[in-house]
Structures are given as structure tokens and as C-alpha cells.
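The values are calculated or read from the model by the stated rules, or taken from the named source; none is laboratory data. Computed from a predicted model, the values in this text were never measured in an experiment. Here Cβ is always computed from backbone atoms with ideal geometry, including for glycine, and neighbour counts include all displayed protein chains. Just so you know, the surface numbers come from the protein's heavy atoms only, side chains and all, with ligands and any DNA or RNA stripped out. Shrake-Rupley method; radii C 1.70, N 1.55, O 1.52, S 1.80 Å.
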Protein chains: 2
Amino acid sequence: MIDVAILGFGTVGSGVADVLTENVKKIKRSSTVELNVKYIVDIRDFPESVYADKMVKDFRVVESDPDVKVVVETIGGTGVAFDFTKRALSAGKSVVTSNKELVATHGYELLTLAKKNNVNYLFEASVGGGIPILRPISQCLAGNDISEVFGILNGTTNYVLTQMIENNVEFDDALRQAQKLGYAEADPTADIEGLDACRKICILATLCFGKHIYPQYVPAEGITRVTLDDVAFADKIGYKIKLLGRAVKGKDDKIIPYVAAHLLPKKRLLANVSDVMNGIVVKGNAVGEVMFYGPGAGKLPTASAVAADVIDAAKHIGMSKLLFWEDGDAETVGSTDELVSQWYVRAKCQSDEAAASFGTISVVGSVGDELVFTTEPVSGAAFREKAEALQVQAAFRIMV
Amino acid sequence: MIDVAILGFGTVGSGVADVLTENVKKIKRSSTVELNVKYIVDIRDFPESVYADKMVKDFRVVESDPDVKVVVETIGGTGVAFDFTKRALSAGKSVVTSNKELVATHGYELLTLAKKNNVNYLFEASVGGGIPILRPISQCLAGNDISEVFGILNGTTNYVLTQMIENNVEFDDALRQAQKLGYAEADPTADIEGLDACRKICILATLCFGKHIYPQYVPAEGITRVTLDDVAFADKIGYKIKLLGRAVKGKDDKIIPYVAAHLLPKKRLLANVSDVMNGIVVKGNAVGEVMFYGPGAGKLPTASAVAADVIDAAKHIGMSKLLFWEDGDAETVGSTDELVSQWYVRAKCQSDEAAASFGTISVVGSVGDELVFTTEPVSGAAFREKAEALQVQAAFRIMV
């Protein structure tokens, strides 16, 4: 029997306790490991909880108990969570987390510490919630040279865009709806400005390309510039607007990660990933394109991914071998300047002005004094240069 | 360095040789294993091949070489492939295969033999070609109690149906097109009669539910009854017709597997998996629904999955722990009689006759002397009984 401690009894932490407890027999049968939730650490009191007898307030109880082999960190953030994770790894315990901020910011350091202590640091739940994605990339696509990874990584913004696309709901109203349904935080900045998607594409890119990509080097735009008009114009020419995190292998072994709204052809499967669902596409030189789809957040889906990591950690006691990558820095990251694509542009200009800048354009329509057009394929650098003469209100890359 | 032998230099075997050779550096960097293709066994001569110096005709060369730790079987069928697999496992070598027929028919026996010899028998490529699916089910969804698995498992029939749906091409013409493009065999029986999908749903069900499901107990229908009229009627009421392999957890711990054409709501992501692509949906009690999508066949995608298994086998030398399940028999399999769904029916009858049998029906249209209607939800058993009075030409379950 393997003893497990859960740090933080919030949504995800309580979900993990539920899944490990309810499915304990199934897990024992299919994975041949018997798991026991021994402690739940939280500074709050939960006298009514079915887990009341497992509650402790002091992390040192876990840290000093040699029977605890796996620690689940669902505290979030980079403060206490970072401290406890380091101490747990140093005490010879594997750590499993759903904390994308901590992995994106300190992943390399924590993996190095795990390796040193011959334990594992696992974080399947940090990207795509319950969707199996990190392990499939690192194991199932291990025979591939990966050229690109991209996807719908944030459920809140996908819900907002879906409401705009399918029900003609204004951005602000859709966001309020998302908050009412519990899909968006009271302060939705991290979601709608693309910060959450940024952390996730950092983790995906790091895993696909083998070097740590730090969020501070990654340009991230959200969806605040997307209007109902944009959604309608995109529809008219056969596209849907989606917020994508994307990372492409560039020149000189650089990785080019970024977050931005894109126009996706309606026929592309990813364009049909709607509501709070996530979808992630990986391109490899052998496999071509594969896509992973499912619930990107939520108590039980996230707990499902955490549980899988706990089982894996329990099956690999004494073997620090599951995941590793090299450190990275500003030099690891290339610029989106070199990425070529067609663009969707909404700008305060006349069509002859747009054509003077961009050469061949295709006019989609106009709204007020704004012209909407698409360009021929141009690089990010060329786009910025050509767009300078126009008063651009919104510009999105068009995916093929 | 780990020596690998490939048995059979056909499409998949040569693809595996290419992927392992071309990506050897990437594999070494990301997986820390160095692989070397030492032998390729084939009874034919390939003097012009870049691998000519690795070719041997006698399997005993591989069998008796203790340096060969991993054997890739891409011969196909259950004859020589079965014999060589048993001998390789008995000689202490892990075996990796894309041979779905062998896994579906003798998987339990071969896994038992692998376990006894402390080696692994792996077959990610046997379902869904390059799509990561077996490992995600056994590892990433290990914390879930799985209730159902279903999907588009055969690329040939999906291509034919897509041509019928999108381009109004007749069944026979679409099949000829598929043959011309190399998507269908000269004898397409195994594809269009659902036998290929049957083997794959057996492997998926076995992995999801932990007991071997043998193909001979699984009812399988193909797509030969689907007409252009059916496709058009389905479209009219918001559905697409797709051939699905499906397995549901039934009463008394029985598993209910079958293969049949279904009507899928257009809004369902799986309905939008077209051409030769495959898509597989897994439902778990924690994760909800996840879907895996990608190329279900082809030289390099299949080789991608084989390569991943080779890497995994190489990383787990001396550890027989990757996959296992219990044996099953006729009693493991439940009947589709208990599965309830709405049905799409095309029958030579009047609407009052249909209503007399089925109670409330919804008439979709008619073609010649055939009435097309949908039923209320009824079980498979009730459906058969009610349909007896009518001359049913085609009947497909409708998925929600």
C-alpha cells in the first residue's frame, strides 16, 4: 500500500480525494497499486468532511512521515506551493500537481531536484485538465521529431468565443455568463488576456522541444479585441475565431511560442472544439497530425489526470525517469517575426490604402469607417511594417 | 545501445526502419535510449535497399542473438507472426507489433508468455494507427472507472462514407476510389464488413475493462446497407452516418461490444472526423468524455506508434509491467439486446404499419416503396421484436 498526502483541500484537492477513494478498487485491479490517502493538509477546518480524520494543518507531519511516498500539490501559485514541493521532493517523495504556474515558472528547477532525490515530479493535469496530453507527447510520440504544437488551451475564452459565434452574444455578456456558470473567475484577466494559455503553451512547448520555455519570453494576446463583427466576417469567409497557444520549431533550433486569436477553417476539427472544451494538436514528422480533445478544467476531470500521475508515481518508486528536459533562457525563444501566414485585418482605412501597403488584398467587408480584409501570406515582421501606415484595430493570423 | 530486429519488410516494417533510423538522435536526446536496427528479417531479397546489410532470411539469427532485446513484428496474420512472437518472447525479448489480428486473437496468451519471461508485449499501433490511444487509456485514464469506449476505427469505410456524405458519390464508386488511392485492399471485405473495426474494438474493450474480449463473440456489421438516400435523410434530420466500434459496460459486469453504422449528431466532434482519419472517444467516471484523433493507418503514422513502443520496451528491459489483463470467454460478453437507443429505420411499409409496431414514430421521408422513420428509445431486444412485422431494409442506432 502506498500512502498519499494531498496539499490543499480546494476544488481540485477534494476531487483528487474523491477519485482516489471511490476508484480505489478499480485502480488496484487495473494498475496493481493500492493507494491510501493518509493526510490532507489545509490551514482551514473541515469538521463536516468525510475526510475529517485525515486533515492536518502542519505540512511537517507529511514531510516527516517516511510512509508518504507521493504528495499531491493542489495549492496553486508559486508561494507556499513552491516551498512545500521543494521540501517534499527533498524528503524523497514524488510530487504530483495541477499547478501550471509553478511548472511553467520553476519546472526545470523542480525536475532537477526530483532527479537528484530519485523521485518524480509529474503534472499531467497542468495542461488540458483531464485530457491525456503530456504523457502521450513524451511517450507515444517519442519516435517523432515534433515540428509544431497548438491548441485551444483555455476553456473560459473558448466558452466566450463560442457564445459569440453560435449565439451572437456580445463579449461582455458572454463573459458575465461564464462567471455565472463558474467557468470564469471574478477577476478574469488571466484567462481573457491569454496568460493562462501562455503558461500552458510554455509547458507543451517545453515537453515537445526539450528545453524549458519561460512565460516571460512568450508574447501573449487575449481575445479582448475580438468583436461580434469579426466573428461574423470570419464566418462569411469560412472561418471560426479561436484563441490558440502555439509553438513552432523555428530557424537555428529556436522555438517560437505565442498566444493569439486565430482564424481557423471551419472544416478543421479544432475549429469545432466549442464551449469550455480544449483541443490540442501535435504535428510530428512520422505521425502527421494528431489531436487530443476533452474537458480542459473542472474538479473531476482535473482530478482524473492527477490520479493517473499518482498511480504512475506509485508504480515508479525509486525510479526518477519519467520526465526531464534541459533548462532554457531568452535565447531558446525565437520571434514570431519569422512566422508566415495570411492575416485577417480590421483597420480604419480605405481599400486603396490597404492595397498600397499589402499589395493583393481580399476585401471582406466594412463596418463603420473600418475596412475588413485578408492579406496574402506575409511574415510577422513584414506584417508589422506594412500595417504601420494603416490604423489597425484588430489583426489575426489565418491558419491553413 | 539497444539492438532491435524487425520482422517483415513490408509497408509498416520499412516505415519502422525509416523512423528509428532518421529520428535516432532525437530519440536519444528525449528518451535517453540509443536504438540500433540490427536485423531485418524477410524471406524476400532487397538488394537495392539501404538496409541491405541488415537483411537476414532466417528468424533463428534473431532468436539466438542475446543482444537483440526488442523484436518488431510487422508480418501480420496469425501464422508465422504468432510462432515468431512466441519464440521471441520465450527467448527473453520484448515484442512490439501493429498486428491487430494477432493481439485480438491471442493477446492474453502472448501477454502471459511475456510476463512469464519478464519481458513486454506492446501493440499501440494495432488500434488507431499513429494515434496515441492504448497507453493513454491504460495510464492516463487509470484513475477512472470507464463506462464506454467507441470510435471510428476503420479509415477505409470512413473514407467511403465521407465521399457519400460530402460528394454524393455512390458506395461502389467511393470504394473504387479508395482502392485507387491505396486506402482499400483489392479484397475490401475485412474493412467494409466491419471485421477490421471488430478486432480493434476488441482490443480497446479489453484494455478499458480488463478482460480479453475475443472477436468471435462480437457482432459486427459493416456499411454495405448504407445508401446515398440514408445519408441524405440523416443529413436532413441533423446527423451523419458513421461506422462505429463500440463497447459498453453492461449489467452483471458484462461488456457489450459491437460494430455497426450509427447516426451521429453533426454537432458531435466525432461526426466531423472525416476521410481516412480515425477518432476514439473514451468515457470515464472522473474525466467525462475525451477524444483521440489522427491518422488511423499509413506507413509512417503506424511506424510512429511502433517506435514509441520500441522506446518504451527499451526503457523497461527486465520489467514486465507495462500491460496486462485477465482472460475472457463467451460469458464476458453481454448482448446488444439490452442497449437502448433511438433508431433510424428504412422499411417497406406504410407509416400506420410502422406506428402499429413502434408506437410513436417520426417520419423522415420515403424513397420508392420504402418508408424512412425514427423511433423512440427502445432496447435492441424490443427493436428486433417490433421490427419483425415490417420489411426492414436498414436500421441504425442514433447516438445522442
Treat every Asp and Glu Cβ in the stretch B:360-400 as -1 and every Lys and Arg Cβ as +1, leave all other atoms uncharged, and give the resulting dipole magnitude about the Cα centre to the nearest 20 debye. 160 debye
Efficiency of FRET from Cβ geometry, B:E166 and B:R44, R₀ 41 Å, rounded to 0.05: 0.55
Would you mind working out the magnitude of the charge dipole of the protein assembly as shown relative to its Cα centre, with +1 at each Lys and Arg C-beta and -1 at each Asp and Glu C-beta, to the nearest 20 Debye? 1360 debye
Of all the C-alpha pairs in the stretch A:104-145, what % are more than 11 Å from each other? 69 percent
Among the trypsin sites (Lys or Arg not before Pro) within the stretch A:203-286, which fall in a DSSP loop and have no more than 14 other Cβ atoms within 10 Å of their own Cβ? A:K266, A:K267
Over chain A, what lengths in whole Å, largest first, do the semi-axes of the equivalent ellipsoid take, defined as the square roots of 5 times the eigenvalues of the alpha-carbon gyration tensor? 42, 23, 17
If Lys and Arg each add +1 and Asp and Glu each add -1, what is the summed charge of the other residues whose beta carbon sits under 13 Å from the beta carbon of B:R384? -2
Once you list every other residue whose beta carbon is under 13 Å from the beta carbon of A:G250, what net charge do they have if Lys and Arg are +1 and Asp and Glu are -1? -1
Given R₀ = 56 Å, what would the calculated FRET efficiency be for B:D53 paired with A:T224, taking r from the Cβ atoms and rounding to 0.05? 0.35
Given the candidates A:M55, B:V226, A:M319, the one whose Cα lies deepest towards the positive end of the charge dipole of the protein assembly as shown, counting +1 at each Lys or Arg C-beta and -1 at each Asp or Glu C-beta, is A:M319
Viscosity 1.306 mPa s, temperature 10 °C: give me the Stokes-Einstein translational D for the stretch A:139-193 in µm²/s, with Rh taken as the Kirkwood radius over C-alpha pairs. 123 µm²/s
Efficiency of FRET between B:D329 and A:S335 - r from beta-carbon atoms, R0 56 angstrom, step 0.05: 0.35
Between copies, how far does the label point of B:F46 sit from its twins, in nm, shortest first, when each point is 7 Å from Cα along Cα→Cβ? 5.7
Of the DSSP beta bridges with both residues in the protein assembly as shown, give the percent that are antiparallel, rounding to the nearest 5. 65 percent
Residue among B:T78, A:N167, B:M1 farthest towards the positive dipole end of the protein assembly as shown, charges placed on Cβ: B:M1
For q = 0.05, 0.06, 0.08, 0.11 Å⁻¹, what log10 I(q)/I(0) does the protein assembly as shown give under the Debye formula with an equal point scatterer on each alpha carbon and no solvent? -0.27, -0.39, -0.72, -1.33
May I ask you to derive the relative contact order of chain B, considering only C-alpha pairs under 8 Å and at least 6 residues apart, and to give it as an integer percent? 18 percent
So for the pair B:V400, B:V367, with labels modelled 7 Å out along Cα→Cβ, what separation do we get in nm? 2.8 nm
Given charges of +1 on the Cβ of Lys and Arg and -1 on the Cβ of Asp and Glu, with all other atoms neutral, how large is the dipole of the stretch B:98-247 about its Cα centre, in debye to the nearest 20? 660 debye
Note, B:A186: beta-carbon cut-off 12 Å, +1 each Lys/Arg, -1 each Asp/Glu, net -1
SASA check, A:V72, accessible area w/ 1.4 Å probe, all protein chains in place, rounded to nearest 10 Å², comes out at 0 Å²
Report the extension gain between B:M319 and B:E148 in nm, rounded to one decimal, defined as 0.36 nm multiplied by the number of residues separating them, less their alpha carbon distance. 58.5 nm
Cleavage-rule hits, GluC sites (Glu not before Pro), the stretch A:325-400, DSSP coil, Cβ neighbours within 10 Å at most 14: A:E388
So, with points 7 Å from each Cα along the Cβ direction, the B:Q350-B:D67 label distance in nm works out to 8.2 nm
What are the distances, in nm and sorted shortest first, from the label point of A:S147 to the label points of the same position in each other copy, with each label point placed 7 Å from Cα along the Cα-to-Cβ direction? 4.1
Once a ≥ b ≥ c are taken as the square roots of the eigenvalues of the Cα gyration tensor of the stretch B:163-263, is the result rounded (a/c under 1.5), prolate (a/b larger than b/c) or oblate (a/b not larger than b/c)? oblate
Using the basic label-point model (7 angstrom from Cα toward the beta carbon), what is the B:L181 to B:E376 distance in nanometres? 4.3 nm
In percent, what relative contact order does the stretch A:115-189 have, based on Cα pairs under 8 Å that are 6 or more apart in sequence? 17 percent
Given the protein chains as shown and a 1.4 Å probe, how many square angstrom of B:T32 are accessible, to the nearest 10? 110 Å²
I'd like the trypsin sites (Lys or Arg not before Pro) in the stretch A:1-70 restricted to DSSP loop residues with at most 16 other Cβ atoms within 10 Å, sorted by number. A:R44, A:K57
Taking each label point as 7 Å beyond Cα in the direction of the beta carbon, state the distances from A:E331 to the same residue in the other copies, shortest first, in nm. 6.7
Dividing the helical contributions, -39500 (n - 2.57) per DSSP H run of n ≥ 4, by the residues of chain A yields a 222 nm value, nearest 500 deg cm²/dmol, of -10000 deg cm²/dmol
Stick to the Cα atoms of the stretch A:73-176, pair each with every other, and give me the Kirkwood hydrodynamic radius in Å at one decimal. 16.0 Å
Taking only protein heavy atoms into account and a 1.4 Å probe, give the accessible area per residue of the stretch B:28-162 in Å². 35 Å²
Two-decimal Rg to Rh for the stretch B:236-315 - Kirkwood Rh, Cα set: 1.05
